[in-house]
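Here is the structure we will look at.
No value in this document is a laboratory result; all are computed from the given coordinates. Quick caveat: nothing in here was measured; it's all calculated off a predicted structure. In this analysis, Cβ positions are derived from the backbone assuming ideal geometry, glycine residues included, and neighbour counts consider all displayed protein chains.
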Amino acid sequence: MSRIIAATLFVLALVPSSAFALITGGVGNKPMTGHGWPVGAEAVFNDKGRVAWWEGPPFGGGQYHAECRGDAKALSTVLADFAKIEVKSKKVILHDGTGHSFWLAPNGEKEKLKDAQVDWVFMIWRAESWSHLHKLPAGLNPTAADDDSPPSTIDVFTGNLKWSDVVVPPGLRVVDNRLEAHGFKATDGDVIQGLVIDLETKKPLAATVQFQRIESQTKGGYKYTVVREMKTDASGKWVSKNTPTDWLRIVVLAEGYVPRLGGYLRGDDQPGWQMNETSLARAVAASGKVSDDAGAPLKDVNVRFDDMVAAAGGGHYESPDGFEFKTDENGNFRATAIPAGKANIWIHKAGYMRPGLGSPVTTPANDIALTMSLSAQVDVTIDFGDRKRTGDYMVSIAPFGGEKVGSYGGSGNIDAKNKISFKDVPPGKYTFIGRPNPGSLNDTAEPVTIDLKGGKTEAITIKAK
């Protein structure tokens, strides 16, 4: 069954690396305690039927998933405990087919799916983590925009489990996403039903919905090919039966409105049903100018409106082509198809920089004035002495005195010539550290600190330990 998922943005610089965390997890049902979950959650999470668990999202953590197997009787016991958890929002969601553990088969590898089968997945948030992530800019916020508190869910897969034998406690909300509950049958395959509305008026829209296949390119980037196109009816509704099982993105278009990404699909050859509602904002314009510190206009500057949230609401508004524009000979840019709302503007031009986490702007807007300063470059060489290099070796750059939100930082592996360059670095004092990758703290080289000047290229050498 395909899963509609939201797009995730990854910031590679200008934020402290401590804000990011790899997804962690494990196998088995060894009891877990002390994670700051709501009262009652441990009884559900530590069910003896748990085969694996994991914590996400990858940039903050605090959302825990218990992947479990069991029959109707076991699930009835779990639901009795689930109903007692002290959270404001909790629901049980029913799906056709068999579930699969993300931890045991993270990429849906066919050879792993049989051993990764699960019957339900329990999700719970650590409240502090949810509150922190919920306040992040739209492009970095993995929480649902319409939630006012951390939710908890149990996704039940009914392929190997007889739902009619499950006892559901009174008052517990059940959302039935099975085909039969929506008038479809297994021969309809993967069914996606959709609705397109005007974000401000909430009225249905005449729109075009495209399923575009996503193909990775050998030289980087992606190719998008339309594999299915549908028109909404008078009530803004559309439906796709036997949806292709490729990696797809949903693109929604309507005349006079800003195109929007409605999510992504990844099929697994199991019939199922999903609902996709996409709201579109009318297009407005924004314009401005980019100059250097002396006031001279800068041409060919890439200008990107990021973290876009429409004034009418609806959470993160992502365009299939991105809200990206370029300045002309006079440093001017004009964005003609963006929603009215709030965003952060990021600008980039080789040899220049603008520090911080973007420039906030409210659209529509005219005469947006942005400035850029000359950046620095650092060429780093690793000296292994008389020893032969083995494996990868990583160099990290961080502001002298420690990282903080809005500062420049990053890391990367050296090339075959034992070198790496950091370009477009804001002027200032930085510390460079080298170590094998993978490696331990004991293998870390002596740090090198240097004061960088705008418009200058510096060369440093780090002696490997």
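Below is a table of values for the structure above.
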item: MRE, 222 nm, helices only [DSSP H, n ≥ 4, -39500 (n - 2.57), over the chain, to nearest 500]; result: -1500 deg cm²/dmol
item: Cβ crowding within 10 Å averaged over residues, with 253-264, 182-193 ranked highest first; result: 253-264, 182-193
item: C-alpha long axis of helix 72-82 to longest principal axis of the chain, angle in °; result: 60
item: Lys/Arg +1, Asp/Glu -1 at C-beta; region 16-177 dipole; positive extreme among SER149, GLY36, SER101; result: GLY36
item: Dipole moment magnitude, nearest 20 debye, the chain about Cα centre, only Lys, Arg, Asp, Glu C-beta charged; result: 380
item: Mean Cα-pair separation over length for region 283-374, i.e. relative contact order, pairs under 8 Å, 6 or more apart, %; result: 41
item: Potential extension, ASP148-LEU253 segment - 0.36 nm per residue separation minus Cα distance; result: 34.8 nm
item: Of LYS388/LYS463; LYS90/LYS237; LYS231/LYS326; LYS388/LYS419; LYS91/LYS202, those spanning more than 24 Å from alpha-carbon to alpha-carbon; result: LYS90/LYS237; LYS231/LYS326; LYS91/LYS202
item: Stretchable slack from ARG304 to ASP292, in nm (0.36 nm times residue separation minus alpha-carbon distance); result: 2.6 nm
item: HIS182-ARG334 pseudo-label distance in nm [points 7 Å out on the Cα-to-Cβ vector]; result: 4.2
item: Mean separation of Cα contacts under 8 Å (6+ apart) over length of region 376-463, as relative contact order %; result: 42
item: Most positive-pole-ward Cα, ILE85, TYR317, THR390, against dipole of the chain from beta carbon charges; result: THR390
item: Per-residue Cβ neighbour rank within 10 angstrom, fewest leading, THR245, THR336; result: THR336, THR245
item: Residue pairs, from the table LYS219/LYS417; LYS299/LYS423; LYS88/LYS135; LYS342/LYS456; LYS162/LYS241; LYS84/LYS342, whose Cα atoms sit over 28 Å apart; result: LYS342/LYS456; LYS84/LYS342
item: Where labels lie 7 Å past Cα in the beta-carbon direction, separation of GLU215 and ALA80 in nm; result: 5.5
item: Within region 381-453, trypsin sites (Lys or Arg not before Pro) in DSSP loop having at most 13 other beta-carbon neighbours inside 10 Å; result: ARG387, LYS388, ARG389, LYS404, LYS417, LYS453
item: The chain: relative contact order in percent, alpha carbon pairs under 8 Å with at least 6 residues between; result: 13
item: Leading residue at positive end of dipole, the chain (Cβ point charges), from ASN177, LEU357, PRO426; result: PRO426
item: Taking ILE124, ILE397, ILE368 and counting other C-beta atoms within 10 Å, the order from fewest to most; result: ILE368, ILE397, ILE124
